[in-house]
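The values are calculated or read from the model by the stated rules, or taken from the named source; none is laboratory data. Nothing here was measured: the structure is a model prediction, and the numbers come from that model. A quick note on method: Cβ atoms are made from the backbone with ideal geometry, for glycine too, and the neighbour counts reach across all protein chains shown. Ligands, DNA and RNA are stripped out before the accessible areas are found, and what is left, the full protein with its side chains, is counted by its heavy atoms. Shrake-Rupley method; radii C 1.70, N 1.55, O 1.52, S 1.80 Å.
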Amino acid sequence: MMQRDDKTFGVSPLQTLGHATARIDAAERVTGRAKYTADIQLPGMLFARVLRSPHPHARIRSIDLSKARALPGVRAILTHDNCTVIWGAGSVAGGQQYSDDIKKITKQQRRAFNNPVRFVGEPVAAVAAINRHVAEEALTLIAVDYEVLPFVLEQEDALKPEAPKIWPEGNIALNNRNEPLPITQRRGSVATGLQQSAQVFEQRFSTSFVHNAQMEPRAAVAHWEGDKLTIYTPTGGIANCRHDMARDLGIAEDKVRVICHYMGGNFGNKNQNQDADLITALLAQEAKAPVKLELSRREDFIGMHGRWPTVHYYKVGVDAQQQLTAIQLRGYSGMGPYRKNSGAMAGVELYKCPNIEAVVTPVHTNKTVSANFRGPEYPQGFFGIQSMMDDVAAKLKVDPVEFAIKNMTRLSRDEVPYTVYSLEECIRRGAAAFDWKARWRSVPGSDPGPIKKGAGFTYMVFRSGLGQSSAVVRVDAQGQYTLFVGVTDVGGGAKTTMGLIAAEALGVPLSQVNVVWGDTDTCPFSVGESGSRTTIMTGQAVVEAVRDLKGQIAAKGLPPAGQVLTASATPRPTIEGRVRGAFGAHFVEVEVDTALGRVQVTKYVAVHDSGRLMNPLTAQGQIQGAAIQGIGMALHEQLLYDARSGKPLTPGYYFDRIPTHRDAPPIEVSFIETDDGLGPYGAKAIGESGIILGPGAVANAVFNAIGTRMKDLPITRDKILGALA
Amino acid sequence: MTRSEHELSRRAFLEGTTVAVVAATTLNVDLGAQSPPTVAIAVESQVPRTTIRLTVNGVAERVEVEDRWTLVELLRDRLGLTGTKIGCDRGECGACTVLVDDKPAYACSQLAVWMDGREVTTVEGLARNGVLTPLQQAFIDHDAPQCGFCTSGQLMTATAFLKNTPKPTAADVRSALAGNLCRCASYNHYVDAVLAAAGTGPVRGTGGAQ
């Protein structure tokens, strides 16, 4: 274990990295010049609309297209009758979206158009027409005869023997060997651990379906020139999107060009192709013209995906010294009818405990598909386990910060040392900056009110592993550098970050580096913006490509006029025996209005170790934004369903209630910078890590304020008033 | 569900409330005049249309619009001003905010024909001769946009707000911008930027991590 004392943290300053730097494309963003997918206009372009299932589960007996086809201006219609293309990324055994081998064996395949349809919002037909009004009118002329089937919405209900079967194999989502088995972690013996404990605590928690709700509704523009497809789409991974499109369409990868210069937010599951991309490409092929598909906000909410809802049952044992002896988690994740991602729940690995058993079952339901959303398995899992541990500490009448410091592990999964360990320091600095001792109430609910204050905290570790990516850099006779990277910049500032890393490695100002991004025909493979790994992986490729180029310049000098020197790198760095982790601790104060049930976050302190910061300006914004998203998940956001009809009730901003300016307190961010000598200049993960801690910290603060544990997210006013009644 | 229930009802609602306005407007137009060809959308011949005169970013425009078009369709599809974004198309998110006669308006919730005789300013009309406004510059300096999709809306609302409230507090800014959602939740940086442009300074010292 590499525990370091306070003095060993901090990094030596660099020339370009580590200074607050405006984004290289900032002017485009504030003048309206930045072109997003829906802004692309091509000559002769058609407009597409998608007809979606109004039923949560139904067999399509027939689809009558005669009236729609007769409408002037309609150019192409696709349904399951004339289109059987499989959307490979749409349902993957084990949720292993990036494995082609597993996609090949997946039993529960998802087509672009499925019959039966398995959730409200599933595509039934798509129309391309001369304008969007004609396309919308055509949808009203499509007559679909449905045989409505029984449906099930909640994951625990779906496991009951009498539940309707969504797949012939049953409702447990299949693992990567097509077996209906849960995701399981075991260490020691929970039964023994519970037997040896002085006290055992039990609790049930749940979280809701939370939609990504990125501001840019899904859109795609597809254009075929001969047998080559160009697709403009908001993707966080142009290389993976190209790969998926080629596989699904049965064409070679070099016959697909994916372009994404600007995109309006990611927040997960955009590092592959979407069914919107596939449908648009197929319509363009059928209509023999470029096609643009723009999803409405409602379609984006119900037709795409959000964070998987969870139910968690914990059993925790402690001995007489208040040390953990056993942690048991039985969890159920609602995946919708297709398994795009794992459905896992993180959190139990944070503790130093000899006996751990976590059994999480991903379950099919007839709700909208769930998948990766920023920190996929973390915010749900951490809300659960850290609410549980806060509850245990409260019942033991000890300070939860002290309980955490006593019981957390300093090793990755309590086994492997970290390259640098700063989590305890994050907690200590956060507690000091927040003034924890003054704000936290040793007697929960003791604030007389009517506005009751309380404080809560949570802490986390997030993966920051190394991996393969590529970069190309070249120099011309004038000493101007051009960097080619296959990033798209989902909002975290990747193109600027890549430029900064190149400038640092070259020893030139950022203005001397031209960054080319977002086009598979001009940029090399990049790992794709998911898992907070672009800076680490593509950034390392930039460092190594520059090293090569500098070697060439040292040997040959700058190229003669009209020529360039080019270097590329595809490093595959690995580490053994140690793990890279990003660390963080969040401290939250809330005010609960006991008359209205309203919760307001009044103070929020976030301390993170994300290694060396490449650009403190964008790093700060990432943590602030993620923390506020976490507040939204804690207090407001959920896709509610009508139990009788199986229809979603809150698909849109107004009812889903994402945070607004008024919900956003100042998030006080500070970083402990470290450099473990790995990744580009010691960079670790940032973007996803910031959302992990908000839900648990807010919930714990609400408990501290009112003295009643809020076990089900979101903590809406009705739940507060119910608890206080 | 047949065509998206919600949007249809919104459009039907807008059209229903504006019959009188359309009729009044039509009296003044020269139906015989040649209107320029549409840039992006093919036009069905039988669709009711109206020619309107309006000023967009200081330029007088005379355009034939379909009566069913919203202002954001006119701006994006007909005039090529794609800086104005559609986030929800039903008045919930503020991404399409423009100024109509200097007041912020959701362009998705205004019919194009209502713009006859009005002055519309979009994000493209803020900078003059390539010189950014202090607010645009503050947005850059404070890294207000993350993905940038809500940025034009935030800018337009904040532009009108600062004109009326030159020395705001952070709470004033939050209230004024409450109708402009940002899913990146870059709210802290947006507030910092507006305060900086007003010269009242950021609430927190940003421009760098603490």
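Here the Debye sum runs over all C-alpha atoms of region A:486-528 as equal scatterers in vacuum, and log10 of I(q)/I(0) at q = 0.34 Å⁻¹ comes out as -1.14. Contact-buried residues of region B:186-201, at a threshold of 40 Å² lost accessible area versus the chain by itself: B:Tyr187, B:Asn188, B:His189 (1.4 Å probe; DNA, RNA and ligands ignored). Computed over Cα pairs, the Kirkwood radius of region B:134-198 leads via Stokes-Einstein (0.890 mPa s, 25 °C) to a diffusion coefficient of 218 µm² per second.
With unit charges on the beta carbons (Lys and Arg positive, Asp and Glu negative) and the dipole taken about the Cα centre of the protein assembly as shown, which residue among A:Ala555, A:Ser66, A:Met389 sits farthest to the positive side? Value computed over the given set: A:Met389.
Rounded to whole numbers, the Karplus 3J(HN,Hα) couplings from phi for region A:645-653 are 9, x, 9, x, 9, 10, x, x, 5 Hz, using 6.51 cos²θ - 1.76 cosθ + 1.60 with θ = phi - 60°, and x at Gly and Pro. For region B:80-127, the percent of C-alpha pairs falling in each 5 Å distance bin, counted from 0 to the bin holding the largest distance, reads 5, 23, 31, 28, 12, 1.
Using Cβ point charges alone (K and R +1, D and E -1), the dipole size of the protein assembly as shown about the Cα centre works out to roughly 880 debye.
For region B:134-198, a crude dipole built from +1 on the beta carbon of Lys and Arg and -1 on the beta carbon of Asp and Glu, taken about the Cα centre, is about 180 debye to the nearest 20.
In straight-distance terms, cross-link reach from A:Lys67 covers every one of the lysines whose alpha-carbon lies under 21 Å from its own, apart from those fewer than eight places away in the same chain; here that gives an empty set. For region A:466-569, the convex hull drawn through the C-alpha positions has a volume of 85 cubic angstrom per residue.
Computed over the protein assembly as shown, the percent of Cα pairs more than 43 Å apart is 32. The aspartates and glutamates whose alpha-carbon is closer than 16 Å to the alpha-carbon of B:Lys85, local same-chain residues fewer than 8 away aside, are A:Glu28, A:Asp39, A:Glu216, A:Glu294, A:Asp300, B:Glu73, B:Asp77, B:Glu124. The contact residues of region A:214-231, meaning those that lose at least 10 Å² of 1.4 Å-probe accessible area when all protein chains sit together rather than their chain alone, are A:Met215, A:Glu216, A:Pro217.
When both region A:530-551 and region A:609-644 are represented by their alpha-carbon centers, they are found 27 Å apart. Dipole of the protein assembly as shown computed with +1 at Lys/Arg Cβ and -1 at Asp/Glu Cβ about the Cα centre; of A:Val607, B:Leu126, B:Cys88, farthest Cα towards the positive end is A:Val607. Here the label points at A:Ala643 and A:Lys107, each 7 Å from Cα along the C-beta direction, are separated by 3.1 nm in the simple model.
Counting DSSP beta bridges in chain A, what percent are antiparallel, to the nearest 5?
On the way: 93 of 122 bridges.
Looking only at bridges with both residues in chain A, the antiparallel portion is about 75 percent.
If you keep only loop residues by DSSP, which GluC sites (Glu not before Pro) in region A:137-210 have at most 12 other Cβ atoms within 10 Å of their Cβ? Walk me through the numbers before you get to the answer.
Values: sites: A:Glu137, A:Glu147, A:Glu154, A:Glu156, A:Glu162, A:Glu169, A:Glu202; in loops: A:Glu154, A:Glu162, A:Glu169.
Listed in order of number, the matching sites are A:Glu162.
Among the protein heavy atoms of the protein assembly as shown, carbon and sulfur supply 51% of the accessible surface, probe 1.4 Å, non-protein parts ignored.
Work out, step by step, the length gained on full extension between A:Asp81 and A:Lys550: first 0.36 nm times the residue separation, then minus their alpha carbon distance; give nm to one decimal. Intermediate values should be presented prior to the final figure.
Details: separation 469, 0.36 × 469 = 168.84 nm, distance 5.76 nm.
Extra length from A:Asp81 to A:Lys550 when fully extended: 163.1 nm.
Cα centroids of region A:229-284 and region A:569-604: 31 Å apart.
Using θ = phi - 60° in the Karplus curve 6.51 cos²θ - 1.76 cosθ + 1.60, the 3J(HN,Hα) couplings for region A:162-168 round to 7, 5, x, 8, 7, 10, x Hz; x is entered for Gly and Pro.
Both radii are taken from the alpha-carbon atoms of region A:340-456; with Rh as the Kirkwood radius, Rg/Rh is 1.03.
Take the accessible area of B alone and of A alone, subtract that of the pair with a 1.4 Å probe, and the total buried over both chains is about 5900 Å².
Give me the dipole magnitude in Debye, nearest 20, for region A:466-569 about the Cα centre, with unit charges on the beta carbon: positive for Lys and Arg, negative for Asp and Glu. Kindly include the intermediate steps, with their values, before the conclusion.
Values: 6 positive and 8 negative charges, 51 e Å.
It works out to roughly 240 debye.
Placing a label point 7 Å from the Cα of B:Val59 along the Cα-to-Cβ direction, the residues of region A:6-36 whose backbone N falls under 20 Å from that point are A:28-36. Residues of region A:30-51 buried by at least 40 Å² of accessible area upon assembly of all protein chains, compared with the chain on its own (1.4 Å probe): A:Val30, A:Thr31, A:Gly32, A:Tyr36, A:Asp39, A:Gln41. Distance from the C-alpha centroid of region A:481-525 to that of region B:146-177: 31 Å, rounded to the whole angstrom.
Could you tell me the calculated FRET efficiency between A:Ser442 and A:Leu721, based on Cβ-Cβ distance and R0 = 25 angstrom, to the nearest 0.05? Efficiency, rounded to the nearest 0.05: 0.45. Restricting region A:104-134 to trypsin sites (Lys or Arg not before Pro) that sit in a DSSP loop and have at most 12 other Cβ atoms within 10 Å of their own Cβ leaves A:Lys107. Note that the protein assembly as shown presents 34 Å² accessible area per residue, ligands and nucleic acids not counted, probe 1.4 Å. At q = 0.14, 0.15 Å⁻¹, work out log10 I(q)/I(0) for region A:1-128 with the Debye formula, treating every Cα as an identical point scatterer and leaving solvent out; two decimals please. Taken in order of the listed q values, log10 I(q)/I(0) reads -0.88, -0.93.
Region A:404-468 has equivalent-ellipsoid semi-axes of 33, 12, 11 Å, by the square roots of 5 times the alpha carbon gyration tensor eigenvalues, sorted largest first.
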